[in-house]
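Quick notes on the structure that follows.
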Amino acid sequence: MIRAVVFDVGECLVDETREYGTWADWLGVPRHTFHSVFGAVIAQGRDYRDAFQEFRPGFDLHAEREKRVAAGQAETFGEEDLYDDVRPTLRRLRADGLWLGIAGNQTVRAGRILRELFAEDVDLIGTSDDWGTAKPDPLFFTRVADATPFETGEILYVGDRCDNDVRPARRSGMATALVRRGPWATIQWNGADARELPTFRIGSLAELPDAIAGFNGSAR
């Protein structure tokens, strides 16, 4: 049975459209051009950070983040960037008695924002910077499992990427859900991994409570 649900952050809970737009502005390139190159990089199976290299070879994402902070233009997100289904889904899953967590590849700063937004809604908030390991490293999912008070097979990890979320979480022994939104899921959706690996394929987080209830009902 599924007893715990742990969510990725970017393009799972948070719509990153505004934030990637600010990166285009920081680079001094048209947003449409930046988004087009970003999508092309993902479609080629490359690391998303390569998109920055296309515009500025040698681009150091960590260093540029610090420069943005110093310039008063730090990366940020807030309530207005959450997908509309996030709050209702968390409330329903909580009402159904599920243990909830958030864990993704995020900075210390993003971790603070997540705690401001969700401290009263979930049982765990963990980031790659907190744990010193990032997806898809298996150690990241070991950290998730260690922080969850259930067996690994009772954890559902929800994300928008086959490569960073579904495949490594499944290898760790977790159930998985792939939500179709954001560039990665849209590009990967019709591939073999997206069709075959997830426990659930969903178009919205709002589908999760019923999917989990059905899964748990069949497991009894």
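Taken over the range 190-220, the criterion of being open to solvent by less than 50 Å² (accessible area, probe 1.4 Å) and touching a residue at least 60 places away in the same chain (Cβ under 8 Å) is satisfied by Ser204, Leu205, Leu208, Pro209, Ile212, Asn216.
So which of Phe141, Phe150 is under 21 Å from Ile212 (Cα atoms), out of contact with any helix residue (DSSP H, G or I) (no Cβ under 9 Å at 6 or more places or on another chain) and aromatic (Phe, Trp, Tyr)? Don't jump to the end; show me each part of the working.
Values: Phe141 fails: out of contact with any helix residue (DSSP H, G or I) (no Cβ under 9 Å at 6 or more places or on another chain).
Of the residues listed, the single one that is under 21 Å from Ile212 (Cα atoms), out of contact with any helix residue (DSSP H, G or I) (no Cβ under 9 Å at 6 or more places or on another chain) and aromatic (Phe, Trp, Tyr) is Phe150.
Put simply, of Ile187, Ile125 the only residue that is of a type outside the set (S, T, N, Q) and closer than 24 Å to Gly97 by Cα is Ile125. Here is the figure for the range 40-59: residues that are among the acidic types (Asp, Glu) and closer than 18 Å to Gln106 by Cβ total 1. Tallying residues that are of a type outside the set (D, E, K, R) and either open to solvent by less than 20 Å² (accessible area, probe 1.4 Å) or touching a residue at least 24 places away in the same chain (Cβ under 8 Å) (or both) within the range 18-34 yields 8. Looking across the range 81-117, just one residue is among the aromatic types (Phe, Trp, Tyr) and either within 15 Å of the chain's Cα centre (by Cα) or within 19 Å of Glu19 (Cα to Cα) (or both), and that is Tyr83. Residues in the range 43-74 that are within 17 Å of Tyr20 (Cβ to Cβ), open to solvent by 50 Å² or more (accessible area, probe 1.4 Å) and either of a type in the set (A, V, I, L, M, F, W, C) or in contact (Cβ under 8 Å) with a residue 40 or more places away in the chain (or both): Ala43, Phe55, Arg65, Gln73.
Quick one: is Ala74 assigned to a helix (DSSP H, G or I) and of a type in the set (A, V, I, L, M, F, W, C)? Before you say what the answer is, go through the steps one by one.
Working: assigned to a helix (DSSP H, G or I): no; of a type in the set (A, V, I, L, M, F, W, C): yes.
The answer is no for Ala74.
The values are calculated or read from the model by the stated rules, or taken from the named source; none is laboratory data. All of these numbers come straight from a predicted model, not from anything done at the bench. For neighbour counting, all protein chains shown are included, and Cβ atoms are generated from backbone atoms with ideal geometry for every residue, glycine included. Just so you know, the surface numbers come from the protein's heavy atoms only, side chains and all, with ligands and any DNA or RNA stripped out. Shrake-Rupley method; radii C 1.70, N 1.55, O 1.52, S 1.80 Å.
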